[in-house]
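Structure record follows, encoded as structure tokens.
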Amino acid sequence: MTTDFSKPTPPSADKRWRLVDATMRRLGNHSRGLIETLHTVQETFGYLDEEALRYVAISLRVPLSRAYGVATFYHFFTLKPAGEHTCVVCMGTACYIKGAPQLLSALQHDLEIKPGETTADGKVSVLTARCLGSCGLAPAVVYDHDVAGKVSPTDLRERLKKWTRNDS
């Protein structure tokens with residue numbers, strides 16, 4: 001019985017896989033490079049799908065269950081593509097006391113999704129954070145990487161209207 005240790009073929013002809021391959025090569029195609037390789041996939045493609053996890057696992061000779069375990073353990077990684085816009089509600093103590101639950105409730109009601117989900121049209125992803133470190137701005141929300149402070153449900157709904165219109 002012979003074992004084939006040839007390099008697996010990337011999931012697609014997409015040239016971005018060269019970046020992933022370069023990361024694995026730089027790390028010696030060793031299992032200890034799993035997290036950094038997954039970071040490269042996430043940065044390159046925006047998320048980790050099953051094909052990507054399988055490719056990295058085979059390439060680094062780790063069980064698929066280990067790659068999946070790492071991808072689901074660390075909050076940085078996501079297994080689904082993010083929406084066109086992201087809305088992150090801070091749930092830290094100061095923000096919680098000053099109205100973060102009401103903001104989250106408004107998001108869930110208006111978009112009909114829960115934290116960690118993306119609207120069916122792919123326009124908005126809703127996330128929560130343990131703390132943004134902007135306690136003086138409570139309640140704080142991050143709209144597409146921009147921090148907004150003292151956000152009210154009305155402010156939040158206005159932003160959602162802009163995002164969910166067809167003309168974005």
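The values are calculated or read from the model by the stated rules, or taken from the named source; none is laboratory data. Just so you know, these numbers come straight off a predicted model, no measurement behind them. No Cβ is skipped: glycine too gets one built from the backbone with ideal geometry, and neighbour counts run over all protein chains shown.
Answer yes if at least one residue in region 36-49 is farther than 27 Å from Thr118 by Cβ and either outside any loop (DSSP other than H, G, I, E, B) or touching a Leu at 6+ places or on another chain (Cβ under 9 Å) (or both), and no otherwise. No, that holds for no residue. Looking for something part of a loop (DSSP other than H, G, I, E, B) and at pLDDT 90 or above - is there at least one such residue anywhere in region 64-76? No: region 64-76 contains no residue that is part of a loop (DSSP other than H, G, I, E, B) and at pLDDT 90 or above.
Scan region 50-63 for residues that are of a type outside the set (Asp, Glu), surrounded by fewer than 16 Cβ atoms within 10 Å (Cβ to Cβ) and either in contact with a Cys (Cβ under 9 Å, 6 or more places away or on another chain) or part of a helix (DSSP H, G or I) (or both) and the total you get is 2.
Close contacts from region 132-154, counting a first residue that is buried (at least 18 other Cβ atoms within 10 Å of the Cβ) and a second that is at pLDDT below 95 and in a loop (DSSP other than H, G, I, E, B), with Cβ to Cβ under 6 Å and a gap of 6+ residues or different chains, come to Ala140/Leu132; Ala140/Ser134. Residue check: Val20 meets all listed conditions (1) modelled with pLDDT of 90 or more; (2) more than 21 Å from the chain's Cα centre (by Cα) but one, namely (2). Would a scan of region 7-29 turn up a residue that is acidic (Asp, Glu), out of contact with any helix residue (DSSP H, G or I) (no Cβ under 9 Å at 6 or more places or on another chain) and either under 25 Å from Lys123 (Cα atoms) or surrounded by fewer than 18 Cβ atoms within 10 Å (Cβ to Cβ) (or both)? No. Reported count of residues in region 70-94, each being among the hydrophobic types (A, V, I, L, M, F, W, C), under 14 Å from Pro115 (Cβ atoms) and buried (at least 18 other Cβ atoms within 10 Å of the Cβ), is 5.
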